[in-house]
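One structure is given below, encoded as structure tokens.
Derivation of every value follows stated rules applied to the coordinates shown; laboratory data play no part. The structure displayed is predicted, hence computed values, not measured ones. Glycine gets a Cβ as well: all are built from the backbone with ideal geometry, and neighbour counts include every protein chain shown.
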């Protein structure tokens, strides 16, 4: 019995094509992607390997050219987050060993509960929109959807902060109950306030995301 | 000469001339291929569209969306045409170059010399 070869669609590299589509302004998506696809098909018939290299080069150069215009908001947002994390890390390194800021139980005290409650308190759609709004400048949502998306970051940030404070209180109670040996007070206090540090850190990141969505709400005329 | 009537850059002239040469078939890919074949300028499609957009904003070009074809993955072409202002700008640049070249000739070994 003859095996039937599946028909293979000859087309440009999918991932590169998607990246180019994402980075182009709406009015140029059709002409630019169409022109490149047309030339790619002509080239792939003669030199398949060169065709892929040619397409990748054209697409990457074009994407980089338009990214600063179409995704300026996203680039600035990512830059802001990087600076926030970078400055925090620098302060931690200058303050001593970085390992003293890492404590798994404190981390578990803050992140998982905040995450679970946020998932329970918000809809799947609003969570999807919340993250899509951060990377897609062209996403057009109505005001109620924008507010729901903003609420995701607001809830997660506030819950992280709240869990951080609860962690501090638990730590303080545990310390107060075992106050007999004062030599342990310093290290115990340091671990005790780590939860609120994690809480504030998450709240900072969420506040940045929240502000980005709030700007879209204001642009629509709050 | 007003600010709006500045001379065209070299690449702008090449692009406008390509559109004139291609006539009704002047769209991104055809212009890009013509530039590569005629003047060995292998530009990226992004650089070409940036120039085309700039020329359109200056009023030297107009564009219209064309037909959708299967080999383009169902995407429409964007056709470009020169406006009267574009034609005038090209002529002005050509006249300026012709004037500057008057009385000069290129020798093979000694570069440019006056006649």
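Observations, loosely collected:
- Segment A:102-126-segment A:193-217 distance, computed between alpha-carbon centres (Å): 14
- Test item: A:56-63 mean partner chain Cβ contacts at 10 Å: 3
- The calculated 222 nm mean residue ellipticity attributable to helices in the protein assembly as shown amounts to -23500 deg cm²/dmol, summing -39500 (n - 2.57) over DSSP H runs of n ≥ 4 and dividing by all residues.
- Using R0 = 45 Å, the C-beta based FRET efficiency linking residue A:162 and residue A:29 works out to 0.55.
- Take each residue of peptide B:58-70, count the partner chain Cβ atoms within 10 Å of its Cβ, and average: the result is 1.
- Cβ neighbours within 10 Å from other chains - mean over A:22-32: 5
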